[in-house]
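Working notes, beginning with the structure itself.
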Amino acid sequence: MTCTPALVVAGRPRYTGGMNARWKEGARELLTNPLSWASYAAWAAVWLTVTGVFGWREMRWWADGLLLLFLVAWLGCMLDEVIGRRAFDVFLAALTAVTVAVLWLVPAGGATPILLILLATQFAHRFAARELTVAMVAINLVFAGIMVFVWDVGPRDAGFSLLGFIGFQMFAVLVMRYAIRAEEMAEDLKSVNARLLATRSLLGETARDQERLRLSRELHDVAGHKVTALKLNLRGLARRLDDEAAAEVGKATDLADELLQDLRSVVKHLRKTEGIELSESLRELARPFPRPKLELDLDEQARVPRADQAEALLRVVQEALTNAARHGPAENLRVRLRREPDRLVLTVEDDGRVGAEIQPGNGLTGMRERLAELDGSLEIGKSEEGGLKLTAALPLELH
């Protein structure tokens, strides 16, 4: 079973709670997924045939036990997103062994080879094209040997039967591969959509800063110039008037001077940008996905001075989200942004699982290069819970 990784903005639950949520989600998939019920129906057809309802009437306890072991191993493989890759491999090996045992020990009833079709779908889910081909050839060679040497089927009849079952297996494999590809495309589409939404939010923040700068220039160049000219004209007029009229014009001159000072203060405030705030962009980045859950801890003073710096930090979080969802898999991802005297420090860590030695891929390497272009750095390590931890730093002033 493949589950679509997702992500929401929420407070951080306890790690055990996240695991419980994943088990609940896995159980719901087992009970509600139509493909799951199709596999149960196929297993039930084999079991009913073996028990004598439709076929073999000399039921033995070990045959019943083997089929129950197959069902347990099958359910374990269906929970691959919950149990992890290593446990999945154990269940897949058990599923393969039990399938061979059933074919070997249970008399030919026409239905037991259905188990090979189910096994083929798990091979398609686990292996790449080359390994899948090797696994399919190997398991069908074993099946051919069982038909000839155990079931006493003639080589010609065994060959025709094998071709028929291989056709069903290939159909199941292609359906599974296309389903996996469709799921990957859906995930990529969600990722692109999230990036577009985050970029739109970031552009909105940048546009507001640009509008403040444009407005400050307009006030300085147009209004400030005209108020200055007005003040100079009033002073010139006051020198040509009598004392009483000059006093009234002097008051107007003082008001013009106060207005000019107020304009200069407003312009200074508008030109003093507070920086770009990232929280809304990060929420937009997280919105399309339900897992991992995102926890934001952003210092109010940690505003990003420039748009290119904000985009770089945003891409670091996006890469961390992708890794946590696809390769962790993680339930929670924490994002912290702090302002130090001369730099901004972004820390992103998840509670997923990474190997003993972390090998940065193209995504993390690209993030490191992007930050280096802005005089920044990226450190890669392990979080306290065994997941991935990224620490990005950017100077407040570029050299």
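The values are calculated or read from the model by the stated rules, or taken from the named source; none is laboratory data. Keep in mind that what you see is a predicted model, and the values were worked out from it rather than measured. Cβ: placed from backbone, ideal geometry, glycine included. Neighbour counts: every protein chain shown.
May I ask you to list the residues in region 77-110 that are of a type outside the set (A, V, I, L, M, F, W, C) and either part of a loop (DSSP other than H, G, I, E, B) or surrounded by fewer than 17 Cβ atoms within 10 Å (Cβ to Cβ) (or both)? Gly84, Arg85, Arg86, Asp89, Pro107, Gly109, Gly110, listed by residue number. Give the residues of region 135-165 that are of a type in the set (Gly, Ala, Ser), part of a helix (DSSP H, G or I) and under 21 Å from Val106 (Cβ atoms), sorted by residue number. Across region 135-165, the qualifying residues are Ala138, Ala144, Gly145, Ala158, Ser161, Gly164. In the set Trp74, Trp47, only one residue is assigned by TED's automatic domain parsing to the domain that holds Leu105, touching a helix residue (DSSP H, G or I) at 6+ places or on another chain (Cβ under 8 Å) and at pLDDT 90 or above; that residue is Trp74. When only residues in region 111-134 that are outside any helix (DSSP H, G or I) and in contact with a helix residue (DSSP H, G or I) (Cβ under 7 Å, 6 or more places away or on another chain) count, which is surrounded by the fewest Cβ atoms within 10 Å (Cβ to Cβ)? That would be Phe127.
For region 290-310, the set of residues classified as crowded, with 20+ Cβ neighbours inside 10 Å, among the charged types (D, E, K, R) and outside any loop (DSSP other than H, G, I, E, B) consists of Lys293 only.
Residues to consider are Leu333, Leu255; find the one that is crowded, with 16+ Cβ neighbours inside 10 Å and either modelled with pLDDT of 75 or more or more than 24 Å from the chain's Cα centre (by Cα) (or both).
Leu333
If only residues of region 350-367 that are within 23 Å of Asp308 (Cα to Cα) and buried (at least 18 other Cβ atoms within 10 Å of the Cβ) are counted, the one that is modelled with the lowest pLDDT is Leu364. Being within 22 Å of Val46 (Cα to Cα), modelled with pLDDT of 95 or more and either touching a strand residue (DSSP E or B) at 6+ places or on another chain (Cβ under 8 Å) or of a type outside the set (D, E, K, R) (or both) is true of Ala94.
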